[in-house]
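So the structure is just underneath, and the comments pick up after that.
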Amino acid sequence: MRARNFFKLICISVMVLVLTSCSIFGGGSDKKKEEEKAKNESKSKASSTKKEDDSVINQELKKQYEMYNEIIQYKVKQENKLIKQSEERYKKLKEESNKKTESKSGDGADKEDKSSSKEDSDSSKQKDDQGKQ
């Protein structure tokens, strides 16, 4: 009986030594590995949320940039329309002013023609008068 008890005591003490040595040297590494995995996962989650946040921010910025470009294109189109309208107005006004000047010059030309024909007839009369004398 003593041998049995002594054998049990030795087995128990060996098991205690094995368990303590495992926890000190090797058993803790599993926990450390699990802790490192948890840290890495938390870091990856944090980085993925940052990436997602970045991607959300980038998407918003892209949308705003596109809106800005559309606004600029709209303004350019409006300015081009205004330029075309002003050119058309200028052409119309120029045509109207040309018509007015033509009609005025046409009336003036008729008057000049009449006065020049009077002068011609006056000069021819004077020549005839001089020739008779």
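The values are calculated or read from the model by the stated rules, or taken from the named source; none is laboratory data. Owing to the predicted nature of the structure, the values given are computational and were not obtained by experimental measurement. Neighbour counts run over all protein chains shown; Cβ positions are idealised from the backbone, glycine included. Just so you know, the surface numbers come from the protein's heavy atoms only, side chains and all, with ligands and any DNA or RNA stripped out. Shrake-Rupley method; radii C 1.70, N 1.55, O 1.52, S 1.80 Å.
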TODO: Using 0.36 nm per residue of separation minus the Cα-Cα distance, give me the extension gain between Lys99 and Glu36 in nm, one decimal.
DONE: 13.4 nm
Task: Solvent exposure, largest accessible area first (probe 1.4 Å, DNA, RNA and ligands not counted), of Arg2, Arg89 - done: Arg2, Arg89
Open item on the list: Run the simple label-point estimate for Glu87 and Ser13 please: 7 Å along Cα→C-beta, distance reported in nm.
Closed with: 10.9 nm
Open item on the list: If you count only protein heavy atoms and use a 1.4 Å probe, how large is the accessible surface of Lys104, to the nearest 10 Å²?
Closed with: 150 Å²
